Amino acid sequence: MSDTQIHIIGAGLAGSEAAWQLAERGIRVLIHEMKPQKFSPAHKSADYAELVCSNSFRSDNHQNSAIGLLHQEMRLAGSLIMRCADAAKVPAGGALAVDRDEFARRVTEEIKAHPLIDSVCEEITALPDASFGEVIVATGPLTGEALAEDILKQISHQA
Ligand SMILES: Cc1cc2nc3c(=O)[nH]c(=O)nc-3n(C[C@H](O)[C@H](O)[C@H](O)COP(=O)(O)OP(=O)(O)OC[C@H]3O[C@@H](n4cnc5c(N)ncnc54)[C@H](O)[C@@H]3O)c2cc1C
């Protein structure tokens, strides 16, 4: 096991998968997720990996669809998101659609049970300084306003 701890901001689809992949490789992870202390305008549940709109992961055909091929590649890589999606699957023809509540519950349970993953409920309001070490920002399209403003400010300064 590595001594390094990686910080992940946001436990949506991206943050949850990143945490899982790192932890499965022996790397400790600390997730900073603002729910349920604070919700974006679209998020409603305290669970991680909340699907805020469609419950479809689109085509699951790995022979004729690039999206289906990506699903298959993620399964081969030990994806938590794909394993939970397959377990929470509902009938949808050739698409992979899920019961969104069951899907998010499964992801949350697995993340919280992993011995190398810790999580803290807090909103991160600015990009962390170097004392944080390695950080993955996975706050998605509805990033908290303060963090979004800080990212914009820092990008503007560099331009
Ligand atoms: C209204 C809406 C509808 C959408 N519909 C679809 C769709 O139908 N199909 C599709 O493929 N995609 C859709 N998307 C895009 C969708 O957001 C992404 O597919 C997917 O959810 C992105 O995953 P993510 O992990 O990047 O972000 P998210 O799943 O949004 O996860 C981000 C997480 O970060 C947390 N967070 C945010 N800011 C902070 C902070 N400052 N500190 C701590 N935690 C924070 C949030 O609470 C959340 O849990 C939609 C997006 C929106 C906004």
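Any read-out appearing in this document is the output of simple, stated calculations on the displayed coordinates, not a laboratory observation. Just so you know, these numbers come straight off a predicted model, no measurement behind them. Reconstructed Cβ throughout: ideal geometry from the backbone, glycine too, with neighbour counts over all protein chains shown.
Points worth noting:
- A single entry from 16, 79 fulfils the requirement of being more than 12 Å from the ligand (Cβ to nearest atom) and crowded, with 16+ Cβ neighbours inside 10 Å: 79.
- Within segment 88-95, none of the residues are in contact (Cβ under 8 Å) with a residue 24 or more places away in the chain, within 9 Å of the ligand (Cβ to nearest atom) and surrounded by fewer than 16 Cβ atoms within 10 Å (Cβ to Cβ).
- Residue 152 near the ligand (Cβ under 9 Å from one of its atoms) and either assigned to a helix (DSSP H, G or I) or over 25 Å from residue 5 (Cβ atoms) (or both): no
- Inter-residue pairs, beta-carbon under 6 Å, first farther than 16 Å from residue 20 by Cα and in segment 135-146, second polar (S, T, N, Q) and in a loop (DSSP other than H, G, I, E, B), 6+ apart: 142/40; 146/125
- Test for residue 44: is it basic (Lys, Arg) and either more than 14 Å from the ligand (Cβ to nearest atom) or in contact (Cβ under 8 Å) with a residue 24 or more places away in the chain (or both): no
- Count of segment 112-148 residues, restricted to those that are away from the ligand (no atom under 12 Å from the Cβ) and outside any strand (DSSP E or B), is 11.
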